[in-house]
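**Q** The structure follows.
The values are calculated or read from the model by the stated rules, or taken from the named source; none is laboratory data. Bear in mind that the values here come from a model prediction, so they are computed numbers and not experimental data. In this analysis, Cβ positions are derived from the backbone assuming ideal geometry, glycine residues included, and neighbour counts consider all displayed protein chains. To get the accessible areas, we keep the full protein, side chains included, count just its heavy atoms, and leave off ligands, DNA and RNA. Shrake-Rupley method; radii C 1.70, N 1.55, O 1.52, S 1.80 Å.
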Amino acid sequence: MKIKKSELEAILEFLKPFNDKKQTVELQIKDGILVFKVFDNENILILKNIKTDEKDTEKVTIEKNWLERINRQNIEADEEIMIKINKKTLTSKVNDIIFRTAILENAKFEIKEEEIKETPIILTREMLDRIKQAEDFAQKTMTRPILNGINLKTEGGKLIITATDSYKAYTVSYDTEIKKEISITMPKKTSEILQVLSKGARGVPVIITEKNIYINEKAVYYKSALFNGEYPSINKIIKSANEEETIQEITISEENFKKLKSIKQKNSQLLNIRTEGKELVFKTGTNETTNELFVEYDLTNEFEVACNYENMILALELINSFEIKKNLFLFKTDYLTIMIMGARIYE
């Protein structure tokens, strides 16, 4: 079995989201194609994009990190890497180094493609970019699994993409030509895999069913499980927030944003924002150590509020102005809204 360094590098880029330390890969030459198959509890990915004139082989399963070790070798992109399949091992010699790995037991179930007859819809480059932005607003843990996902919904000719972890929320809405009614929540890992599969493309064709997302193309097959359950009604919360009185509108210049990022404190996640005379003061830290940024501002009210520092920076990266409400901060453009919940001020 042989594969060019550039081909191996591209394959491993596709497999990057499958990042478990013990992640396995199934290899096989079948009908003139070098096939790579990976799976976990929620995802199956089959890559069929490398043509070969070699004879068909049996399936062999190895740990992905063996391929990664070979790929780290400094050789030319068009140089072929030879992989010898033995009875119990795979062996490859690169730069006078012999790499050997045990052949593992193949998956107990058949990793195969399903025949899906539905017409694919195109997730455009813009949609995928928005989905990627939304990843940062989803919950990092699986304590409430559905919040680890990104919600996609079509409504009134709009595509609405939403993510939240209960402390911050992201929702974007814009016109779409998608006719199919969609109301799904995809895991963040699904988003990561779709981003990789769509690199360099204008979009990616997907089939969306009640329980799964599929890509069923000549060179790629992908299946991902979706989250069950109803996604939180973020737009209702945002609508209610819009109706609240605005305490102060704030716009942060590029220069002051750089300064705001420079006052980060490792020992505290709280950002305190208060008025002091004609200045707006941003403070991070604890009673023992504090950093403060003073900005002259045209203030209309006196206030003292607080929020999570990282959440504020994340939102300001996308929108440089916000409204201070009673218990939250609202960032808005014509199509994008970000909400950050307020935090208790500790003295």
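**Q** Roughly what % of Cα-Cα distances in the stretch 250-303 sit above 18 Å, to the whole percent?
**A** Beyond 18 Å sits 32 percent of the P(r) for the stretch 250-303.
**Q** On C-alpha positions alone, give me the angle between the axis of helix 309-318 and the longest principal axis of the chain, in degrees, nearest 10.
**A** Once rounded, one gets 80 degrees.
**Q** Cα centroids of the stretch 2-16 and the stretch 39-90: how far apart, whole angstrom?
**A** 8 Å
**Q** Also, quick follow-up: Restrict the search to the stretch 92-131; then list the GluC sites (Glu not before Pro) that DSSP places in a loop and that have at most 15 other Cβ atoms within 10 Å of their Cβ. Intermediate values should be presented prior to the final figure.
**A** Details: sites: Glu105, Glu110, Glu113, Glu114, Glu115, Glu118, Glu126; in loops: Glu105, Glu110, Glu113, Glu114, Glu115, Glu118.
Answer by residue number: Glu105, Glu110, Glu113, Glu114, Glu115, Glu118.
**Q** Another one. Could you state the number of Å between the C-alpha centres of the stretch 280-307 and the stretch 196-265?
**A** Taking the Cα centre of each part, the stretch 196-265 and the stretch 280-307 sit 29 Å apart.
**Q** What does the convex hull of the Cα atoms come to per residue for the stretch 290-347, in Å³? Before the final figure, lay out each step's value.
**A** Details: hull volume 6.8 nm³, N = 58.
Enclosed volume per residue, from the Cα hull, is 117 Å³.
**Q** Each residue of the stretch 47-62 in turn: what ³J(HN,Hα) in whole Hz from Karplus with 6.51, -1.76, 1.60 and θ = phi - 60°, glycine and Pro shown as x?
**A** For the stretch 47-62, the Karplus-derived couplings read 10, 10, 10, 10, 7, 8, 9, 7, 6, 4, 10, 6, 5, 10, 10, 9 Hz, x marking Gly and Pro.
**Q** I would also like to ask the following. How much area per residue is accessible in the stretch 68-147 when the probe is 1.4 Å and only protein heavy atoms are counted (Å²)?
**A** Normalised by residue count, the accessible surface of the stretch 68-147 is 70 Å².
**Q** So what's Rg/Rh here for the stretch 1-55, counting alpha carbon atoms and using the Kirkwood radius for Rh? Before the final figure, lay out the partial values.
**A** Numbers: Rg = 11.6 Å, Rh = 11.9 Å.
The Rg/Rh ratio comes out at 0.97.
**Q** Once the Cα gyration tensor of the stretch 158-249 is found, what semi-axes does its equivalent ellipsoid get, as square roots of 5 times the eigenvalues, in whole Å, sorted largest first? Could the numbers behind the result be given before it?
**A** Values: eigenvalues 187, 43, 35 Å².
Listed largest to smallest, the semi-axes of the stretch 158-249 are 31, 15, 13 Å.
**Q** Here is a follow-up. For the stretch 218-275, run through the trypsin sites (Lys or Arg not before Pro) and keep only the ones in DSSP coil with at most 12 other Cβ atoms within 10 Å of their Cβ.
**A** Values: sites: Lys218, Lys223, Lys236, Lys239, Lys258, Lys259, Lys261, Lys264, Lys266, Arg274; in loops: Lys218, Lys264, Lys266.
Sparse-neighbourhood loop trypsin sites (Lys or Arg not before Pro): Lys218, Lys266.
**Q** To continue, here is another question. Are there GluC sites (Glu not before Pro) in the stretch 39-100 that DSSP puts in a loop and that have at most 13 other Cβ atoms within 10 Å, and which ones?
**A** Within the stretch 39-100, the qualifying GluC sites (Glu not before Pro) (loop, at most 13 other Cβ atoms within 10 Å) are Glu54, Glu58, Glu76, Glu79.
**Q** Measuring from the lowest to the highest alpha carbon on each principal axis, how far does the chain reach, largest first, in angstroms?
**A** Over the chain, Cα extents along the principal axes are 79, 49, 33 Å.
**Q** Right, something else. Quick one: what Rg and Dmax do you get for the stretch 238-347 from the alpha carbons, in Å?
**A** Expressed in Å, the Cα Rg and Dmax of the stretch 238-347 come to 13.3, 42.
**Q** Can you tell me the equivalent ellipsoid semi-axes for the stretch 44-100? Use √(5λ) from the Cα gyration tensor, largest first, whole Å.
**A** Details: eigenvalues 72, 48, 35 Å².
Equivalent ellipsoid of the stretch 44-100: 19, 15, 13 Å, largest first.
**Q** Working from the alpha-carbon coordinates of the stretch 78-117, get Rg over Rh, Rh being the Kirkwood radius. Before the final figure, lay out the partial values.
**A** Details: Rg = 15.6 Å, Rh = 13.0 Å.
Result for the stretch 78-117 is an Rg/Rh of 1.20.
**Q** I would also like to ask the following. Bin width 5 Å, alpha-carbon pairs only: give the P(r) of the stretch 64-193 as whole percents, running from 0 to the bin holding the largest distance.
**A** Over the stretch 64-193, the share of Cα pairs per 5 Å bin runs 2, 8, 13, 12, 10, 10, 11, 11, 12, 7, 3, 1, 0 percent.
**Q** Something else now. With bins 10 Å wide starting at 0, give me the P(r) of the stretch 1-157 over every alpha carbon pair, in whole percents.
**A** In whole percents, the pair-distance histogram is 8, 31, 32, 19, 9, 1, 0.
**Q** Once you have all Cα-Cα distances for the stretch 183-315, histogram them in 5 Å bins from zero and send the whole-percent values.
**A** The percentages, shortest bin first, are 2, 8, 13, 13, 11, 9, 11, 10, 11, 7, 4, 1, 0, 0.
**Q** Can you compute the radius of gyration and Dmax for the stretch 208-267, using only the Cα atoms, both in Å?
**A** In order Rg, Dmax, the Cα atoms of the stretch 208-267 give 21.7, 56 Å.
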